[in-house]
Structure formats: C-alpha cells, structure tokens
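Trainee: Submitted below is the structure of interest, expressed as structure tokens.
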Amino acid sequence: MNRRAYFTTVASIIMSCFVVAFPVGSGCNKDTQVQRKHKVAIVFPVTIDAFERFRMDFEKQLDNANVSSAVLSAEGDPSKFDSVIEQALRVKPDILVAIGTQLTNTAFGPQFRERLPKVVASCISAPRKVESLTSIGLTPPRKAAVAIVSDNPDRNIYLQSAQIIAKAIGTKQIIGILYNEGEINSKSTALSLKSALTSQGLKTVPGLVSGPNDVAPVTESLLLRGSSCIVIPHDKAATTEASAIVKICNEFRDKPVVVFALDDGTVRKNGAAIGVSVSYSQLGQMTADTCLRILNGDDPAKMPITTQKEARVYVNKTSLQKCGISLDAEFLKNAVIYE
C-alpha cells in the first residue's frame with residue numbers, strides 16, 4: 001500500500017467512527033436529549049397582583065415538569081406589545097403564551113405570524129370576540145392553531161356580580177363603569193356587566209378611559225354624576241390605578257362609595273369593597289397544564305376551550321364597613337373575606 005492510499009484508508013476509518021458516535025441529524029446524544037428542558041415564553045400586558053399569582057403557579061407547575069419559562073411584561077403600555085412579543089420570540093420558545101386579547105391579536109399579526117411556535121392564549125374573557133381566533137363556533141374550530149384558556153367561568157360571572165351589587169347597595173342606583181372602548185377585554189366585560197346590571201334594575205353610566213392618566217378624573221366625574229358604586233372590569237388602566245380609585249371613592253363627600261372589581265387582587269390589595277373573580281392561581285395552573293399537554297403531543301387547534309366552573313365572591317371587610325354596608329351572614333359564609 002502506498003503512502004497516499006494508507007492515509008485515505010485511515011481517514012475513512014476515523015470518519016466511520018464519528019458517524020457511529022454522532023448519527024447524522026441528531027445534534028446531541030440520547031442522554032442530552034433526555035435532560036433537555038423545553039422552553040415556554042409567557043407575555044403579560046401588565047404587572048398586577050392577579051397576574052403575579054398566575055405567574056407563580058404557572059412557573060411552579062412548569063418547573064416541576066422540567067420546563068423552563070421566560071416571563072415578559074408590557075407594563076400596561078400597548079405601544080410595547082410588539083416589542084415584548086419580539087423579545088419572547090427571540091428566546092426561541094417551544095410555546096408562546098399570550099395573556100389577554102390584545103397581546104393575542106398582536107402575536108398573530110402579519111409581522112409575527114410566520115415565526116410563531118405553538119401558541120396558548122390565556123385569560124381570554126370572550127374568545128369569540130378575539131379577531132385572531134374567531135372562526136364559526138369556536139368549540140374548537142378557530143382560525144389559528146392556538147389553545148385557549150378563558151377567565152370567564154361556566155357560571156355567568158356578570159349576572160352573579162350584578163346580583164351582589166344590587167344586594168349590597170340596593171336597586172334603582174347608578175353604577176359607574178370604567179372601561180376602554182379600544183381594548184377588547186375591557187369593553188367586553190364592561191358591556192356584559194352593563195347588561196346584567198340593567199336586568200337587576202340598576203342604571204349604568206360609562207366612564208371611558210384610554211390610559212392610566214384618565215382614571216382619576218373620570219372616576220371623579222362618575223361620582224359627580226351620582227354613581228353609588230364604581231365598577232372596575234378587566235381593564236388594564238383601571239386595575240393598575242385601583243388604589244387611586246378607592247382613595248377617591250373613600251374621600252367623596254360624607255360617605256365612601258363602594259368599589260367593585262372583577263379580580264380578587266383589587267379587593268385584597270387595593271381595598272375594593274367587593275369582587276367576583278376566578279382564581280388566577282388556578283388559571284396559572286390550568287395554563288401550565290395546557291402547555292404540558294401540547295409538549296406531550298396534543299394539537300392546540302383541537303383542544304377545547306378551558307375554563308373554571310365558577311367564580312368566587314371576595315369581600316374586603318374594612319372597606320365594606322367604611323361604606324356602611326352590612327351583608328347577611330349566609331352571604332358572607334360563602335365569601336372569601338379579607339380583614
């Protein structure tokens with residue numbers, strides 16, 4: 001064998017060894033594949049108490065399953081929605097979780113649509129009103145391959161809320177509702193509440209806001225127009241400024257005005273007197289479970305919309321007493337009470 005033939009033979013043997021050790025297209029050995037973490041990116045529209053508890057249970061559930069998570073927030077600024085979706089996609093997640101209607105619509109915009117991984121849309125109050133999701137029926141047919149977790153429970157949360165407000169302040173009262181016409185979740189929950197309140201004999205007055213700076217003056221305007229209760233629906237600006245709303249209502253004339261909310265964090269942390277809310281901790285768990293099912297092979301487009309059975313009533317006892325309202329023991333027995 002001449003020198004050239006000898007080296008050719010040796011090279012062939014070495015290459016054969018490498019092909020056995022690292023099969024073409026594997027990228028890593030079997031042990032590394034077993035240890036590899038999947039990655040989920042979750043994007044919130046704003047940082048509020050309810051979403052913090054959502055995040056904690058969401059992350060805990062994924063961590064227990066050896067799945068890492070990247071968390072981003074637009075901090076209540078819609079102008080940042082595009083940039084937080086972009087940041088989320090840069091971490092190359094296996095699943096993108098978009099919280100709320102506006103972020104979901106943003107994620108399915110033309111600038112991102114071709115780059116999306118599998119998607120879970122969570123905290124969607126009215127799935128049939130989400131432009132990027134809507135298809136005929138939506139149970140489960142939908143335009144995009146997306147799994148949906150709703151924060152609107154099976155039991156009618158709006159009628160339940162209206163009945164509680166009527167019980168607390170009486171009928172024939174004026175209810176001021178803060179909401180944003182340009183935000184789907186905000187408008188949808190506000191109009192659903194309006195319809196339910198009207199059915200209970202209560203008159204409603206809209207308080208339209210477009211951002212946090214509008215909340216205080218609009219709240220004051222609603223009070224001057226005779227509102228006996230101020231309602232905070234699923235609106236980012238109003239929820240973020242909930243403490244300011246409660247302060248304004250507490251200082252209005254001789255008797256504080258009741259503040260009602262659709263999230264329990266506003267009752268517990270910000271002093272709203274009453275609220276009806278799903279459990280956002282449980283929503284976090286449900287959303288994480290949805291992600292794990294997808295990672296295990298479920299098709300998000302074929303998954304039924306996930307929701308809780310019913311909401312719970314939350315009462316801030318101190319705030320309620322300031323408003324001079326006493327609810328009967330039977331009612332309070334079934335409520336979560338914060339002192």
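The values are calculated or read from the model by the stated rules, or taken from the named source; none is laboratory data. None of the values given here were measured: they were computed from a predicted structure. Note that each Cβ is placed from the backbone with ideal geometry, even for glycine, and that neighbours are counted across all protein chains shown.
Trainee: Has the range 285-305 got at least one residue that is closer than 21 Å to Arg55 by Cα, at pLDDT below 95 and of a type in the set (A, V, I, L, M, F, W, C)?
Mentor: yes
Trainee: Report, by residue number, each residue of the range 93-111 that is over 16 Å from the mean Cα position of the chain (by Cα), at pLDDT below 95 and surrounded by fewer than 18 Cβ atoms within 10 Å (Cβ to Cβ).
Mentor: Listed by number, the residues that qualify are Gly109, Pro110, Gln111.
Trainee: Let me ask another. For the range 308-339: of the residues being in contact with a strand residue (DSSP E or B) (Cβ under 7 Å, 6 or more places away or on another chain) and hydroxyl-bearing (Ser, Thr, Tyr), which is farthest from Gly271 (Cα to Cα)?
Mentor: Applying the filter and picking the extreme gives Tyr314.
Trainee: Still on this structure: Within the range 160-167, can one find any residue that is charged (D, E, K, R), within 27 Å of Asn316 (Cβ to Cβ) and crowded, with 17+ Cβ neighbours inside 10 Å?
Mentor: Pass one, the range 160-167, residues charged (D, E, K, R): 167.
Applying the additional criterion that residues be within 27 Å of Asn316 (Cβ to Cβ) yields 167.
In the following step, the residues that additionally are crowded, with 17+ Cβ neighbours inside 10 Å were identified as none.
No, the range 160-167 contains no residue that is charged (D, E, K, R), within 27 Å of Asn316 (Cβ to Cβ) and crowded, with 17+ Cβ neighbours inside 10 Å.
Trainee: Can you pull out the residues in the range 267-309 that are farther than 30 Å from Cys249 by Cβ, assigned to a helix (DSSP H, G or I) and of a type in the set (D, E, K, R)?
Mentor: Asp289, Arg293, Lys302
Trainee: Looking at (1) at pLDDT 95 or above; (2) surrounded by 20 or more Cβ atoms within 10 Å (Cβ to Cβ); (3) not in a helix (DSSP H, G or I), which one does Leu193 not meet, given that it meets all the others?
Mentor: (3)
Trainee: Is it true that Val205 is buried (at least 22 other Cβ atoms within 10 Å of the Cβ), outside the structural domain of Glu75 (by TED's automatic domain parsing) and either of a type in the set (A, V, I, L, M) or more than 17 Å from Gly76 (Cβ to Cβ) (or both)?
Mentor: no
Trainee: While we're on this one: Of all residues in the range 141-156, count the ones that are modelled with pLDDT of 85 or more, assigned to a loop (DSSP other than H, G, I, E, B) and more than 14 Å from the chain's Cα centre (by Cα).
Mentor: 3
Trainee: Tell me whether the range 94-101 contains one or more residues that are touching a His at 6+ places or on another chain (Cβ under 9 Å) and aliphatic (A, V, I, L, M).
Mentor: Yes, the conditions are met somewhere in the range 94-101.
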